[in-house]
Amino acid sequence: MKKIYLFILLGITIISCNRKTTQDLPLEIVGYDTTVFKGGNFRYLGTKYRMSDQNNFVLIHQELELYWFDIEKDSMVRSVNLDTTNLVLPQVNMLQVLYQEADSSLILFFPQRSKIIHLDSKLEIEKEVNLSGIQEFTYMYMPYGQVFYYNPSRQEFYIGLLSAKLEDHRAFVNETRFIGVFDMNSGKLKTSFGEFGEERKKVKSYVRSQGLINFDALNDEFYIRETVGSSTINKYNEAGNLQDSYDIGSSFLFYDLVAKKNGEEWFQASMSDHNYDMKLASSNRAVSLGVIFKDENRNKVRDYGVLFIEDLEKGKTYSTPVDPFQMILWANDSEIYLVRYHQEVEEMILVKVKYKLGESN
């Protein structure tokens, strides 16, 4: 299998002034392997990568084209273009897809039609769910990220939301709820949970960021962290009740918000350091990718990345420098799967990293 050099060294210049006083412990990479995804134009901007519910497949989705990558076989094992089947699907963007391994079924989400469609293993429509209730609270569906989860035992969908009052900054930050809980049978919004922290609500200006939150589900519990301005991870139960909060983060990231100045063009605004992605390796271990963006105003000459693991029980962080803008697909206590751009060719690769937590000096 072709090896591709993944990790790069960073100078001490990325350790900017930071309100966190403790330094990260070392995260040791003890091995890695890579596989180039083949079979489609996977560098296409709209491509999404998602693990199946039992973590044996990577489901890759580009509009109505789906690809199954088998982790054990280390190869693409299936592909289908739903547009070439006899299915009558909404002629709008398909934002999210879930693959259920137990019965080889698919769950498709079409936010512009407030519709969820279940397909059986033969790619025939098993059920259609028409969602309702977001208009009453002036919500809209979150148009990015992977905030889409299905709980079969409770027969509920958990879907990303935000306030539709985009032009009213005060209302947007105060009224946004990140997750909506929808009944699978009626499609009605039952409740919503997760909101901006007090620091974000105090800022009287918009903040330039890529997405709003990091989100992951583990054992039917939900973990949410804002993309910028906070190191706090909030844990919620199935009913949307806050169970715990963890404020650890990485000493490499600067968590103060960089607000957009009045009259400043959006593309000229400075970017806060980002919690770019996050997955739970276990109930006590969060794996995250931080990105420090190039910014002349902040004397940052290039984009930097840091892969860091937070021990939620002991309150410690372990980190190592990496290339920025990778996506974390899955993690456990010894391995991490990431998707990243190939540096030399127009391809995407799956990176399988083996790691261990270093010791303090």
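The values are calculated or read from the model by the stated rules, or taken from the named source; none is laboratory data. Just so it is clear, the model here is predicted, and its values are computed rather than measured. Note: ideal-geometry Cβ built from the backbone for every residue, glycine included; neighbour counts use all protein chains shown. With ligands, DNA and RNA removed, areas are computed over all heavy atoms of the protein, side chains included. Shrake-Rupley method; radii C 1.70, N 1.55, O 1.52, S 1.80 Å.
Points worth noting:
- Magnitude of the charge dipole, the stretch 23-357, Cβ model with Lys/Arg +1 and Asp/Glu -1, debye to 20: 640
- Placing dummy labels 7 Å off each Cα toward the beta-carbon, the span from Asn86 to Ile125 is 1.4 nm.
- Residue of Leu89, Leu45, Leu329 that the Gaussian network model of the chain assigns the largest fluctuation, springs spanning Cα pairs under 10 Å: Leu45
- Dipole moment magnitude, nearest 20 debye, the stretch 16-144 about Cα centre, only Lys, Arg, Asp, Glu C-beta charged: 480
- Descending semi-axes in whole angstrom, ellipsoid equivalent of the stretch 215-361, from the Cα gyration tensor: 26, 21, 15
- Positive-end residue, the chain charge dipole about Cα centroid, Cβ charges, pick of Phe182, Ser121, Tyr144: Tyr144
- Considering only Ile159, Gly290, Tyr206, the residue lying farthest towards the positive end of the dipole of the stretch 23-357 is Tyr206, judged by Cα position with unit charges set on Cβ.
- Taking the stretch 179-211 and a reference point 7 angstrom along Cα→Cβ of Ala239, the backbone N atoms nearer than 19 Å belong to 179-184, 189-195.
- DSSP assigns beta bridges within the chain; of those with both partners inside it, close to 95 percent run antiparallel.
- Hz values of 3J(HN,Hα) by residue in the stretch 263-273 - Karplus curve (6.51, -1.76, 1.60), Gly and Pro given as x: x, 7, 5, 4, 6, 8, 5, 5, 9, 5, 4
- From its DSSP helices (H runs of at least four residues, each -39,500 (n - 2.57)), the chain gives a residue-normalised ellipticity at 222 nm of -1000 deg cm²/dmol.
- Proximity of backbone amide H atoms, modeled 1.01 Å from N, is registered between Glu195 and Phe178 at under 5 Å, excluding neighbours fewer than 5 places apart on the same chain.
- Dipole magnitude of the stretch 215-361 about its Cα centre (Cβ charges: Lys, Arg +1; Asp, Glu -1), debye to nearest 20: 300
- Rounded accessible area of Asp53 (nearest 10 Å², 1.4 Å probe): 80
- Most to least accessible of Arg208, Arg170, Arg225 (protein chains only, probe 1.4 Å): Arg170, Arg208, Arg225
- Amide N of the stretch 280-318 lying under 20 Å from the label point, which is placed 7 angstrom from the Cα of His169 along Cα→Cβ: 297-298
- Summarising the label geometry, the points placed 7 Å from Cα in the beta-carbon direction at Leu45 and Asn219 lie 4.1 nm from one another.
- Two-site label geometry, Lys294 and Ser205: point separation in nm, points 7 Å out along Cα→Cβ: 2.3
- The residue among Val77, Tyr49, Ala102 whose Cα reaches farthest toward the positive pole of the charge dipole of the chain, with charges on the beta-carbon of Lys, Arg, Asp and Glu, is Tyr49.
- Cβ-Cβ FRET estimate between Lys354 and Val77, R0 fixed at 22 Å, reported to 0.05: 0.40
- For the stretch 187-258, fraction of C-alpha pairs farther apart than 15 Å, in %: 58
- Radius 14 Å from Cβ of Leu289, net charge of other residues (Lys, Arg +1; Asp, Glu -1): -4
- Note that the stretch 23-357 carries a Kirkwood radius of 20.9 Å, evaluated over its alpha carbons pair by pair.
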